[in-house]
Amino acid sequence: NPDISPSGTLAPADPTMFQKRYLKKMRDLGEGHFGKVTLYMYDPSNDGTGELVAVKALKQENSDVPDVWKKEIEILKSLYHSNIVRYKGCCTEPGGLEVQLIMEYLPLGSLREFLPKNKIGVPQCLMFAQQICQGMDYLHSQRYVHRDLAARNVLVENKGLVKIGDFGLTKYIPEGEIYYRVRETGDSPVYWYAIECLKEMKFSFASDVWSFGVTLYEIFTHCDSRQSPPTKFFEMMGLTEGSMTLVKIIELLERNRRLPCPRDCPHEARLLMEQCWNKNAENRPSFRTLVDKFDALRR
Ligand SMILES: C=Cc1cc(F)c(CN2CC[C@](CC#N)(n3cc(C(N)=O)c(NC(=O)OC)n3)[C@H](F)C2)cc1O
């Protein structure tokens, strides 16, 4: 339904502009530090035949950081890859502060929901792993560091296709730079963090590769909560509380302790996992290399 522009000519409606009044809330999909993701039906004809979309909105009190927020919208808008969730548009309230990011909806949810219910075999684990590497290789080629790669942020389109689904902590690494330093830790996903992130809050393409190693571990454990990274790290370090946890994890990693090898994980895949967890960031493979290594494994 093209909008009538002031001059009265028929301006083609911009398909990336969603009007808040036609968004009908269905249910919450997730909660994050700065906001939440909700399932809506976009139903301009108001007859229940609209399309389902996933909408990410900042919590009001955080909406005074529009530049950070707009950054995430700009990032997702600029990414085009079969293994990255599709940007559909954004929704602004007339004169409102809040801007909402509108993405395609993948009803099967993330690997965290999918894997425990669908016992996939080794070939499919390797296929999913390779697709994540393809998406991440593309993200890195655009000079973005994800900083939150984990099974909970990988969406399942169908049994043959997964996509990286959330870019809440993604940062741009300027040409010539290697690291992105952050100040806040917040409720950071420390069990997915490389050792240099824990010690110096230094994030890089290589720290994303470390997080991929943890994601590969999650895939081969079928996201079984009894084997989750937090659970296994707590077992290894014994119960600690508060800031001691960070100190204890660093100690374990310095002593070359790592997550255990999942029962169904083939030896070659375990070797890749361990390469991703190399203490020395320079010695970790790139996602480009990992895509090729998974090709060899899948033969
Ligand atoms: C404001 C910051 C913020 C808020 C958050 F809630 C989260 C956490 N959130 C991320 C998006 C999420 C998981 C992924 N990827 N997801 C997306 C879809 C989709 N596009 O279909 C989907 N589908 C689904 O669950 O279908 C049954 N889940 C899930 F909402 C968790 C992270 C954040 O940075």
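No lab work stands behind these numbers, since they all come straight from the coordinates. Predicted, not measured: the structure shown is a model, and the values here were computed from it. We place every Cβ from the backbone using ideal geometry, glycine too, and count neighbours over all the protein chains shown.
As a check on your grasp of the helix formula, calculate [θ] at 222 nm for the chain: sum -39500 (n - 2.57) over DSSP H runs of n ≥ 4, divide by the residue count, round to the nearest 500.
-10500 deg cm²/dmol
Amide H neighbours of Y105 under 5 Å, counting only residues 5+ apart in sequence or on other chains, H built in-plane at 1.01 Å?
A54
Quick one: putting +1 on the C-beta of Lys and Arg, -1 on the C-beta of Asp and Glu, what dipole do you get for region 227-299 around its Cα centre, in Debye to the nearest 20?
160 debye
Below 8 Å between Cα atoms, with a sequence gap of 6+, how large is the relative contact order for the chain in percent? Intermediate values should be presented prior to the final figure.
Numbers: 464 pairs, mean separation 43.4, N = 299.
Reported as a whole number, the value is 15 percent.
Looking at G35, G242, C90, which one has the Cα that reaches farthest to the positive end of the dipole of the chain (charges on Cβ: Lys, Arg +1; Asp, Glu -1)?
Among G35, G242, C90, the one farthest towards the positive end of the dipole of the chain is G242.
Applying the Karplus parametrisation 6.51 cos²θ - 1.76 cosθ + 1.60 with θ = phi - 60° to the phi angles of region 268-275, what ³J(HN,Hα) value in whole Hz is obtained for each residue in order, glycine and proline being reported as x?
Listing the rounded values in order: 5, 5, 5, 4, 5, 4, 5, 5 Hz.
Tell me the label-point distance for the pair H33, N283, using the 7 Å Cα-to-Cβ offset, in nm and rounded to one decimal.
Distance between label points: 3.0 nm.
Just to be sure I understand: with springs between alpha-carbon atoms less than 10 Å apart, which residue in Q131, Q275, Q19 has the highest mean-square fluctuation in the Gaussian network model of the chain?
Q19
Given the C-alpha atoms of the chain, compute the convex hull and give its volume per residue in Å³.
Dividing the Cα hull volume of the chain by its residues yields 157 Å³.
5 Å is the cut-off here: which amide hydrogens, built 1.01 Å from N in the peptide plane, fall below it relative to G30, excluding neighbours closer than 5 in sequence?
V37
In a Gaussian network model over the chain where Cα atoms closer than 10 Å are linked, find which of A13, A281, A206 has the largest mean-square fluctuation.
It is A13.
Name the residue farthest towards the positive end of the dipole of the chain from the options M201, G176, V162, assuming +1 on Cβ of Lys and Arg, -1 on Cβ of Asp and Glu, about the Cα centre.
In the chain, that residue is V162.
Counting only residues 5 or more places away or on other chains, whose amide H sits under 5 Å from the amide H of I84 once H atoms are built in the peptide plane?
Answer set, sorted by chain and number: I164.
Quote to one decimal, in nm, the extra length available between R299 and S78 on full extension: 0.36 nm per residue of separation minus the C-alpha distance between them.
That works out to 76.2 nm of additional length.
Taking the Cα centre of region 159-299 as the origin, how large is its charge dipole in debye, to the nearest 20, when only Lys and Arg (+1) and Asp and Glu (-1) carry charge on their Cβ atoms? Before the final figure, lay out the partial values.
Values: 21 positive and 20 negative charges, 68 e Å.
Rounded to the nearest 20 debye, it is 320 debye.
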